[in-house]
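Before any comments, here is the structure.
The values are calculated or read from the model by the stated rules, or taken from the named source; none is laboratory data. The shown structure was predicted, so the numbers you read here are calculated from the model rather than taken from an experiment. Methodologically, a virtual Cβ is constructed for each residue, glycine included, from the backbone with ideal geometry; neighbour enumeration extends over all protein chains shown.
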Amino acid sequence: MRERNGREGSASVLLTCLLAGLIPVFFILYGNARCETLKNAVEWNGQNAGKAVLSYYLPQLSKQYDIYGIWKEESLLEWRMKQYIQASSPFWNGEENSGLLKARLENVKVNPEPYSLMDPEQWKKQLRTVMELGTVADLLENTRLVDSLKEVIALAGEGMTKGESAGEIKVQRSLKVVQAAANASAASAAGAAGEHGQSEESELQRKSEQLEKDRKKREAEGQKLMDSVKLRGGNILDDKEIIEKLPSRQLDLSSSEGVWDVLRWDFGQWGEFIQSSLYTDLYALHYFGSYKDEREGWFLCELEYLLQGQLSDEKNFEKTKRDLFFLRTALNLAAIYRDEAMQQWIGAMAAAMAPVPYPVAFGVIAASVSALEAGSDVKRLLQGESIPPLKSPGQWKTAENMTDHGEESVSDTGEMSYKDHLHVLLLLRPQRTKLIRMMDLVQLNLSRSIDPEFSLEECCAGFQWNISARMKDVAGREGIWECEGESCYE
């Protein structure tokens, strides 16, 4: 009996020792788990509080442009963060309260500068979100610009190739005409009186002057057609205080890649360039007005401002007309090399300019005819018509004396409106420049609905935050733990 009691006592002592050793381990594990839970709770509260603060976005900015931003006032952001953190979780207990999980908020710091709305990169991110998820996304499916532009480039290259391959034949043919004309002129000069004769040099001079005169006349007629459309009304920004606050006056507009750098790219790189600028350009076309699509804003010609950056509607309009004139001249010149009838018509005029070298005469006449047609094109665009980027036979409006094409054919590249042509011009502008000028327009327009002194510099699209919390361990000892994160509109 004693032996049994002895054995039972030994077992009890052994179990007691084992349990006594496990109890500290249990409390250590419990304390660590409790601490990790509190840390997770603090970070979770910080993330939720950051999202809640973002709900105080500027409604005017969101309603007009689908861009989200909040006031960049650190003290206000920190106060709102504290309120949401302390009210959103039972883990934040007061000094008099008790609980298994307990923490006390010490401090909240925010830094909105990395997300300032004065940063073009923040706008680029939001524009991408708008284009991918917003109402403008269907424009990507419906727009014909990218396909049309690819066809324009391809057809222009094809036309130039055809022109080069056929050039030798045309030059040989024209040289025969020139030679025949020269022989006839020589015979006439030999049989006529000396005072009626002309040297080859004087004839070349006369024909060169006539060629230059015809060129200037055609180009002047084209300019006159284009300038017949005037801007009615328009605004001018001349308030120096407002001008100094514009993002374009505070930020660097220079870009690492200018227009001519882009034009020197290989054709394969154009796809990447078009893709990178597509979101910005389509956003601008949808949210800003133009000469043919006036909106209620500071400027009447907003898209033209994105192109030119002048502080006057009239100046932006006139400079945009000139850009369209040069664009249409280049496209018409490319179209000539696709149109056999146009080449024959211009070739006949070039041959008549002998002894001026045929290639020189052909190039001058082709450029001047393209400029004359470009003036008509710009006028039609400003009147609301659409025209094909590269014209087909029968679509030339100013070549009255040209060989008859028959019925007007349908363009194989579709037709483009005034806004479509503005898109092409926008595509050739540096993206940073477009973004910053876009910021100018938003700031000017919102200054009329929010505050006359409104500035994007006072707004941000998010902020970085840092939370300090005081926690208690199992033994009642306190320690400070910090966590950080960021909250922004995506």
| field | Matching residues, the range 377-398, being among the small types (Gly, Ala, Ser) and out of contact with any Lys or Arg (no Cβ under 7 Å at 6 or more places or on another chain) | value | SER386, SER392, GLY394
| Restricted to the range 393-426, and to residues that are within 22 Å of GLU221 (Cβ to Cβ) and polar (S, T, N, Q), which residue is modelled with the highest pLDDT? | GLN395
| Of the numbered conditions (1) at pLDDT 90 or above; (2) buried (at least 23 other Cβ atoms within 10 Å of the Cβ), PHE362 satisfies every one except a single condition; which is it? | (1)
| What pairs can you find where one residue is in the range 344-361 and more than 12 Å from LEU211 (Cα to Cα), the other is in a loop (DSSP other than H, G, I, E, B) and not β-branched (Val, Ile, Thr), and their Cβ atoms are less than 6 Å apart, with a gap of 6+ or different chains? | TRP345/MET402
| Can we say GLU314 is in contact with a Gly (Cβ under 7 Å, 6 or more places away or on another chain), in a helix (DSSP H, G or I) and either surrounded by fewer than 22 Cβ atoms within 10 Å (Cβ to Cβ) or not aliphatic (A, V, I, L, M) (or both)? | yes
| query | In the range 219-240, is there at least one residue being farther than 27 Å from THR433 by Cα, of a type in the set (A, V, I, L, M, F, W, C), more than 30 Å from the chain's Cα centre (by Cα) and modelled with pLDDT of 55 or more? | reply | yes
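Here is a yes/no grid of residues against (1) modelled with pLDDT of 80 or more; (2) over 30 Å from MET439 (Cα atoms); (3) surrounded by 15 or more Cβ atoms within 10 Å (Cβ to Cβ):
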residue: GLU3; (1), (2), (3): no, yes, no
residue: SER10; (1), (2), (3): no, yes, no
residue: GLY46; (1), (2), (3): yes, yes, yes
residue: LYS51; (1), (2), (3): yes, no, no
residue: GLY69; (1), (2), (3): yes, no, yes
residue: PHE91; (1), (2), (3): no, yes, yes
residue: GLY94; (1), (2), (3): no, yes, no
| If you go through the range 437-467, how many residues are under 30 Å from TRP481 (Cα atoms) and surrounded by fewer than 21 Cβ atoms within 10 Å (Cβ to Cβ)? | 2
| said: Condition first: within 21 Å of LYS217 (Cα to Cα), buried (at least 18 other Cβ atoms within 10 Å of the Cβ) and touching a residue at least 60 places away in the same chain (Cβ under 8 Å). Can you find one or more residues in the range 381-392 that meet it? | reply: no
| said: Looking for something more than 30 Å from TYR287 (Cβ to Cβ) and either of a type in the set (Phe, Trp, Tyr) or touching a Lys or Arg at 6+ places or on another chain (Cβ under 9 Å) (or both) - is there at least one such residue anywhere in the range 316-333? | reply: yes
| message | Restricting to the range 274-313, and then to whatever is in contact with a strand residue (DSSP E or B) (Cβ under 8 Å, 6 or more places away or on another chain) and of a type in the set (Asp, Glu), can you tell me which residue is nearest to GLN383 (Cα to Cα)? | response | GLU304
| If you go through the range 319-359, how many residues are surrounded by 20 or more Cβ atoms within 10 Å (Cβ to Cβ) and outside any helix (DSSP H, G or I)? | 6
| remark: All-but-one check, LEU251 against (1) under 26 Å from PHE326 (Cβ atoms); (2) touching a Pro at 6+ places or on another chain (Cβ under 8 Å); (3) at pLDDT 55 or above, failing number (1)
